[in-house]
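Have a look at the structure below before the remarks.
The values are calculated or read from the model by the stated rules, or taken from the named source; none is laboratory data. Because the structure is a prediction, the values reported are computed rather than measured. FYI the Cβ positions are ideal-geometry reconstructions off the backbone, even for glycines, and counts take in every protein chain you see. These accessible areas exclude ligands, DNA and RNA; they are computed on the full protein's heavy atoms, side chains included. Shrake-Rupley method; radii C 1.70, N 1.55, O 1.52, S 1.80 Å.
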Amino acid sequence: MPITLTIPEGLLSPAAQAEAFAGLTKAVLEVSGLSGNAFMSANVVGSINVLPKEHVLVAGKPAEAAFVELKLPEIALGTPEAKKMFVEKATDVVERAAAGRLRRENIWSNIVYAPEGAWGIAGRSYDNADLVSAITGSAA
């Protein structure tokens, strides 16, 4: 389940970037109720995009900001409460990693869903039933 964290250069040290990504990973697993699940843990992946300061914009102007994007199959985080909880946890994680260098108001998160059957891992297309089977088959 790819996570993309986008930040301007200089906002987070390499250690803080690693801390933030680990925290985002933990958040998605906790909110999903899948902490410790071998299949899910191995498939929470992603990237940290560190862009030149002039390429991170708020209201069309360069700003200290962070963007968290979580891509999921359409069955994940299926309730409004789960979505809200992830957004809150993701914001907390990034704010903590920034250690006062970033205003909470400048942290945006979004969740993007892949339609049924459009989830692929290692060249295999998974539909929702396949994903549930893979997840439950590796329950901790």
Of all residues making up the stretch 47-61, the number that are of a type in the set (Gly, Ala, Ser) and open to solvent by less than 50 Å² (accessible area, probe 1.4 Å): 1
Enumeration of residues in the stretch 111-140 that are in contact (Cβ under 8 Å) with a residue 12 or more places away in the chain, open to solvent by 50 Å² or more (accessible area, probe 1.4 Å) and assigned to a strand (DSSP E or B): Val112, Tyr113
Residue check for Leu77: under 15 Å from Ser32 (Cα atoms), within 14 Å of the chain's Cα centre (by Cα) and modelled with pLDDT of 95 or more: no
Test: residue in the stretch 15-24 that is open to solvent by 50 Å² or more (accessible area, probe 1.4 Å), closer than 25 Å to Gly123 by Cα, in contact (Cβ under 8 Å) with a residue 60 or more places away in the chain and assigned to a helix (DSSP H, G or I): no
Test result for Ala38, aliphatic (A, V, I, L, M), open to solvent by less than 30 Å² (accessible area, probe 1.4 Å) and either in contact (Cβ under 8 Å) with a residue 60 or more places away in the chain or in contact with an Asp or Glu (Cβ under 6 Å, 6 or more places away or on another chain) (or both): no
Residue tally, condition surrounded by fewer than 20 Cβ atoms within 10 Å (Cβ to Cβ) and assigned to a helix (DSSP H, G or I), over the stretch 62-110: 15
Which numbered condition Ala76 fails, given (1) in contact with a strand residue (DSSP E or B) (Cβ under 6 Å, 6 or more places away or on another chain); (2) hydrophobic (A, V, I, L, M, F, W, C); (3) closer than 23 Å to Thr136 by Cα: (1)
Some residue of the stretch 52-71 being more than 30 Å from Gly10 (Cα to Cα) and either at pLDDT 95 or above or polar (S, T, N, Q) (or both): no
